[in-house]
1. Of ARG32, ARG67, ARG3, which residue is modelled with pLDDT under 95, basic (Lys, Arg) and either open to solvent by 60 Å² or more (accessible area, probe 1.4 Å) or under 22 Å from MET145 (Cβ atoms) (or both)?
2. Those residues that are touching a strand residue (DSSP E or B) at 6+ places or on another chain (Cβ under 7 Å) and either among the polar types (S, T, N, Q) or open to solvent by 70 Å² or more (accessible area, probe 1.4 Å) (or both), I need them from the stretch 75-97; list them, please.
3. Quick check on the stretch 65-106: of everything there that is part of a strand (DSSP E or B), without any contact (Cβ under 8 Å) to a residue 12 or more places away in the chain and not basic (Lys, Arg), which residue is nearest to GLY51 (Cα to Cα)?
4. May I ask you to verify whether GLY59 is in a loop (DSSP other than H, G, I, E, B), out of contact with any Pro (no Cβ under 6 Å at 6 or more places or on another chain) and open to solvent by less than 40 Å² (accessible area, probe 1.4 Å)?
5. Going by what's in this entry, would ALA46 be described as part of a loop (DSSP other than H, G, I, E, B) and within 22 Å of PHE116 (Cβ to Cβ)?
6. Please go through the stretch 107-126 and give me each residue that is part of a loop (DSSP other than H, G, I, E, B) and open to solvent by less than 80 Å² (accessible area, probe 1.4 Å), ordered by number.
7. Taking into account only those residues within the stretch 133-159 that are of a type outside the set (Phe, Trp, Tyr) and modelled with pLDDT of 95 or more, which is surrounded by the most Cβ atoms within 10 Å (Cβ to Cβ)?
8. Those residues that are at negative phi and more than 14 Å from the chain's Cα centre (by Cα), I need them from the stretch 68-84; list them, please.
Amino acid sequence: MFRTLSLTAAAALLTTPALACDGFEVHDAYARASTSMSTSGAAFMAMMNTGDADCHVVGARSDASQRTELHTHIQDDNGVMRMVHVEDGFVVPAGGHLMLQRGAEHVMFMGLTAPFEQGNTFNVTLDFEDGTEYTFEVPVDLERMPGQMEMPMQGHADH
């Protein structure tokens, strides 16, 4: 019987997704909405990958909204900037980073379940192409101005 349980436990470990992309981290995340009455909001962050393989983020989930998507801004043929869902996701290169910033790539929350209020926090889960995930906490910071994100130095500890 012990052998059956051991084999069952080993099989369960093999079918359970491993931790998210090795070396992947999120730094300096924050979220905001344009007004207290907004039904949508966005999160911005630095995605770091100190690993040896690219990390492919293919989706995002959160209880903060009815729908959570990866978005970017593109310029159409008439020169108008439009926000669009990035269905293929974002690639964070091995040994590199990807900055999610206003006017560029970001995580979009549509149908907020509660207003984004200064100082509140909520969880976001990023889904990777290989089926693994990475969950982190996002503070709401309605006062942060564009360009105020801090890019952590690779190889240095956060303070």
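The values are calculated or read from the model by the stated rules, or taken from the named source; none is laboratory data. Fair warning: this is a prediction, and the values are worked out from it, not measured in the lab. Here Cβ is always computed from backbone atoms with ideal geometry, including for glycine, and neighbour counts include all displayed protein chains. The protein model used for the area step is the full one, side chains on, heavy atoms only, and it has no ligands, DNA or RNA in it. Shrake-Rupley method; radii C 1.70, N 1.55, O 1.52, S 1.80 Å.
1. Matching residue, one of ARG32, ARG67, ARG3: ARG3.
2. Across the stretch 75-97, the qualifying residues are GLN75, MET81, ARG82, MET83, HIS85, VAL91, HIS97.
3. ILE74
4. No: the conditions fail for GLY59.
5. Against the criterion (part of a loop (DSSP other than H, G, I, E, B) and within 22 Å of PHE116 (Cβ to Cβ)), ALA46 does not qualify.
6. ALA114, PRO115, PHE116, GLY119, ASN120
7. Here the residue is VAL138.
8. Matches in the stretch 68-84: HIS73, ILE74, GLN75, ASP76, ASP77, ASN78, VAL80, MET81, ARG82, MET83, VAL84.
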